[in-house]
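Visitor: The structure that follows is given in the form of structure tokens.
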Amino acid sequence: MLLPRLDRWFHITARGSTIPREIIAGLTVFGAMAYIVAVNPAILSAAGLDRHDMVMTTIAGAVAGTLLMALWARLPIALAPAMSSNVLFAQVVVQQAHVSPRTAFTVVLFSGLCFTALSLSQIRQRIIRGFPPSIVLGIQIALGAFIARIGLTTGGIAVPSSEGLTFGSLHNPSVLLSMAGVALSAILVVLRIPAGLLIAILTITMAGLFIQTPSGPITHLPAQLLDWPHYPTNLFLPFDFHEYFSHLGLLVPITLYFLLSDFFDATATMMSVAHRAGLDGTVEKPALDHRAFGSDGAASIIGASLGTCTVSAYVESLAGVEAGGRTGLSALVVAVLFALSSVFWPLITAIPAIATAPVLILVGLNMLGSLSRVAETPSEAIPPLTMLLIAGVTGNFMLSLSCGLLIYTALAIATRRFQRLTPIVLGLDAAFVFYMILQAHMGA
């Protein structure tokens, strides 16, 4: 009785999937984003917060946000504390603005409240429908370049240099293992091996136990495999409204920056995941409806209330889509695995970054397949290709989206195609100009 109910609730058969495929997709997504259990606490600890407490709040935020998306929106999208948000929280709000962590959580809360209000209204859906087709295509390929770049840098294949990025040293065993992982992932994908991406992650992790670097094996086993979980109750509703309202001139621009960054970053991610999964829906009944956006918005409020930074949709969800995930069941699997990680988190953090890097590279390359849809006319091709170039070179997706849309507007004016300058396009231009000004002001 349980399996038929799962099928009906998540529309598994209707979306051309199966329960085993959804489970494998969930395992793959978790394997690709489990790093957040270790990375988010490390970043937030720079704000003076206890690292172990941050592990528990990171897990709690990921579980709550992903459960919302899985059970209410029923989409294959996983959520967790956002990487861009945690850096802004620790480095800009706490360290540079010199406000307390509790006030920083209040910034996240107000950003989340505005985010949710926009998500539950028709504004967010109108914005999505108002994106020009060439910009929608640009989002697809720019995210492909962005996620592939993450894979290349975390795998050590591309490393920072005075000229930007350069190829990693072939004398480094980590680089060689990462490159072997890319080849293995590609072979498994081409041969359509079930759970191929998950197999690649596990294989590279196991191989890392036997490959030595100057600092020891690539895969470091923790001193203990288990750790009894405890939620830090002092971080539940950790807000300081008095200090926030005492520094409105400083904190309101930062709140707006949080809002704009999270709003457009999450929206673009969800659009790409839904499109890649074939869940675009129709104008009358879109797959990304008020439930999807409401889940994403509410997760940001829940994250702040639980004592972590903004919880948002993760681009690594695309790894699950490539593994066959089409429904909220795969997201439910991710949520369950995050819940289990509250006990097994020391073991999970043993997965090295280079084990997930090849998967991200393959996912990004698959998304770049949309390049075949780039128009031949310069006015249609230049905006999406600009987005691709900026995202791939700088690793700043929001900046690429801003530049792409502004160039689209400039070309529409130059070619006198004024019908393209809809109120939505002009409103987005204003929002992105404001975002870029805020970014330059804060040095984020």
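The values are calculated or read from the model by the stated rules, or taken from the named source; none is laboratory data. Since we're looking at a predicted model, the values are computed, not measured. We place every Cβ from the backbone using ideal geometry, glycine too, and count neighbours over all the protein chains shown. Areas reflect the complete protein model, heavy atoms only, side chains present, ligands, DNA and RNA absent. Shrake-Rupley method; radii C 1.70, N 1.55, O 1.52, S 1.80 Å.
Visitor: Can you give me the long-range amide H partners of ALA158? Hydrogens built in the peptide plane at 1.01 Å from N, cutoff under 5 Å, separation of 5 or more residues or another chain.
Guide: Long-range HN contacts for ALA158: THR153, GLY168.
Visitor: Oh, and also: Set Lys and Arg Cβ to +1 and Asp and Glu Cβ to -1, take the dipole of the chain about its Cα centre, and tell me which of ALA323, LEU362, LEU399 lies farthest positive.
Guide: Result: ALA323.
Visitor: Place a +1 charge on the Cβ of each Lys and Arg in the chain and a -1 charge on the Cβ of each Asp and Glu, then give the dipole magnitude about the Cα centre in debye, rounded to the nearest 20. The partial results should precede the final answer.
Guide: Numbers: 20 positive and 19 negative charges, 195 e Å.
That gives the chain a dipole magnitude of about 940 debye.
Visitor: Roughly how compact is the range 74-141, stated as its Cα Rg over 2.2 N^0.38 Å to two decimals?
Guide: Normalised Rg, Cα atoms only: 1.45.
Visitor: Taking θ = phi - 60°, what integer Hz values does the Karplus form 6.51 cos²θ - 1.76 cosθ + 1.60 yield along the range 417-432, in sequence order, with x for Gly and Pro?
Guide: 9, 5, 5, 6, 8, 6, x, 5, 4, 5, x, 5, 4, 4, 5, 6
Visitor: Ranked highest first by average number of other Cβ atoms within 10 Å, how do 344-350, 65-71, 220-226 line up?
Guide: 65-71, 344-350, 220-226
Visitor: Moving on. If each of LEU191 and ASN172 carries a label point 7 Å out from its Cα toward its Cβ, how far apart are those two points in nm?
Guide: 2.9
Visitor: Quick one: which residues, 5 or more positions from SER312 or on another chain, have an amide H under 5 Å from its amide H? H modelled 1.01 Å from N in the peptide plane, none for Pro or chain starts.
Guide: Under 5 Å from the amide H of SER312: ALA80, ALA82.
Visitor: Here's a follow-up. For the range 342-444, state what percent of all Cα-Cα pairs lands in each successive 5 Å bin, counting from 0 Å until the bin that includes the largest distance.
Guide: 2, 10, 14, 18, 15, 12, 11, 7, 5, 3, 2, 1, 0
Visitor: Along each of its three principal axes, how wide is the spread of alpha-carbon positions in the range 12-55, in whole angstrom units, largest first?
Guide: So the three principal-axis extents are 48, 15, 12 Å.
Visitor: Something else about it: Counting only Cα atoms, I'd like the Rg/Rh figure for the chain, Kirkwood definition for Rh. List each step's numbers first, then the result.
Guide: Values: Rg = 21.2 Å, Rh = 22.2 Å.
Taking Rg over the Kirkwood Rh, I get 0.95.
Visitor: What relative contact order, as a whole-number percentage, does the range 1-149 give when Cα pairs under 8 Å and 6 or more residues apart are counted? Intermediate values should be presented prior to the final figure.
Guide: Details: 81 pairs, mean separation 23.1, N = 149.
Taking the mean separation of contacting Cα pairs over the length of the range 1-149, I get 16 percent.
Visitor: Using only the alpha-carbon atoms of the range 21-84, report the extent along each of the three principal axes, biggest first, to the nearest angstrom.
Guide: 40, 22, 19
Visitor: Name the trypsin sites (Lys or Arg not before Pro) in the range 379-444 that are in a loop by DSSP and that have at most 13 other C-beta atoms within 10 Å, would you? Display every interim value, and only then the final one.
Guide: Details: sites: ARG416, ARG417, ARG420; in loops: ARG416, ARG417.
Answer in residue order: ARG416, ARG417.
Visitor: Grab the eigenvalues of the alpha-carbon gyration tensor for the range 120-212, scale each by 5, take roots, and send me the semi-axes largest first in whole angstrom. Don't jump to the answer; show the numbers that get you there.
Guide: Working: eigenvalues 231, 79, 27 Å².
One finds semi-axes of 34, 20, 12 Å for the range 120-212.
Visitor: What number do you get for the range 161-214 when its Cα radius of gyration is normalised by 2.2 N^0.38 Å, N = residues? Please list the in-between numbers first.
Guide: Details: Rg = 13.4 Å, N = 54, 2.2 N^0.38 = 10.0 Å.
That works out to 1.34 for the range 161-214.
Visitor: Name the residue farthest towards the positive end of the dipole of the chain from the options VAL343, ALA32, ILE19, assuming +1 on Cβ of Lys and Arg, -1 on Cβ of Asp and Glu, about the Cα centre.
Guide: Result: ILE19.
Visitor: Restricting to Cα pairs below 8 Å that are 6+ residues apart, what does the relative contact order work out to for the chain? Please round to a whole percent.
Guide: Details: 763 pairs, mean separation 153.3, N = 444.
Relative contact order here is 35 percent.
Visitor: Where the only charges are on Cβ atoms (+1 Lys, Arg; -1 Asp, Glu), what is the dipole of the range 242-313 about its Cα centre, to the nearest 20 debye?
Guide: Numbers: 3 positive and 7 negative charges, 21 e Å.
My answer is approximately 100 debye.
Visitor: Let me ask another. Set Lys and Arg Cβ to +1 and Asp and Glu Cβ to -1, take the dipole of the range 174-320 about its Cα centre, and tell me which of ALA207, GLY249, ASN234 lies farthest positive.
Guide: Comparing the listed Cα positions along the dipole, ALA207 ranks first.
Visitor: Could you rank the peptides 101-110, 372-381 by their average count of other C-beta atoms within 10 Å per residue, with the highest value first? Spell out each step's value before the answer.
Guide: Details: 101-110: 24.2, 372-381: 12.4.
My ranking of the peptides, most packed first, is 101-110, 372-381.
Visitor: Could you report the chain's accessible area per residue, 1.4 Å probe, as an integer in Å²?
Guide: Working: 18350 Å² over 444 residues.
Heavy-atom SASA per residue in the chain reads 41 Å².
Visitor: For the range 1-133, compute the orientation-averaged projected area of the C-alpha convex hull (one quarter of its surface), in nm². Intermediate values should be presented prior to the final figure.
Guide: On the way: hull surface 43.5 nm².
It is 10.9 nm².
Visitor: Cα centroids of the range 261-338 and the range 106-181: how far apart, whole angstrom?
Guide: The two parts, judged by their Cα centres, are 15 Å apart.
Visitor: Give me the percent of accessible area attributable to carbon and sulfur for the chain, probe 1.4 angstrom.
Guide: Details: 12610 of 18350 Å².
Here carbon and sulfur together make up 69 percent of the probe-accessible area.
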